[in-house]
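Scroll down for the structure; my scribbles are underneath it.
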Amino acid sequence: MTFTGDPAPSTPPPAPPPAPPGRGPRRQLPSFLVIGALSTLFYLALFVGLRQAASAQVANLVALAVSAVANTAANRRFTFGVTGSQGALRHQAQGAVAFLIALGLSMGVLELLDRLAPEASRPVEVAGLVLANGLATVVRFLLLKVWVFRGR
């Protein structure tokens, strides 16, 4: 056999490992929506309960903070498939950005209600918070997907 100087045929690079089952975009959005709905109910229940003893802004802050931590932890585990404690604190800190956006939106709605309808009923406050929370949910999903849990 003679050497012709031609390089040996190259082999294609190995295929990337398959994504973990159930973690693709088709499964992430439904999981995120279920967690979001449960988190919203939890947040609203906390808000209404706290509102009996605190101002709307204080009740909103506490209820949103508690529910945001639970929401980030649940999405970390069930939507994006991240388990274990490694990175959990960083994920919560990054999730705090989404919390601050939601807080700004909800505080803005409550302030607007206070100025335009100072005697607004609790159901009107809750309706305004549901709208603010809906917009914040879209922002939260995008932040979690492209920044906090990118590549999952």
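Values in this text are rule-based calculations from the coordinates and carry no lab data. Because the structure is predicted, anything quoted here is derived from the model rather than measured.
A few notes on this one:
- Per-residue HN-Hα couplings for the range 101-107 [Karplus 6.51, -1.76, 1.60; θ = phi - 60°; Hz; x = Gly/Pro]: 5, 4, 4, x, 5, 5, 5
- Additional length obtainable on full extension of the chain from ALA117 to ARG27, 0.36 nm per residue less Cα span: 28.3 nm
- For the range 112-143 versus the range 46-76, the gap between their alpha-carbon centres in whole angstrom: 13
- Applied to the range 64-77, the Karplus parametrisation 6.51 cos²θ - 1.76 cosθ + 1.60 on θ = phi - 60° returns per-residue 3J(HN,Hα) values of 5, 4, 5, 6, 5, 5, 5, 5, 5, 5, 5, 5, 4, 7 Hz, with x for Gly and Pro.
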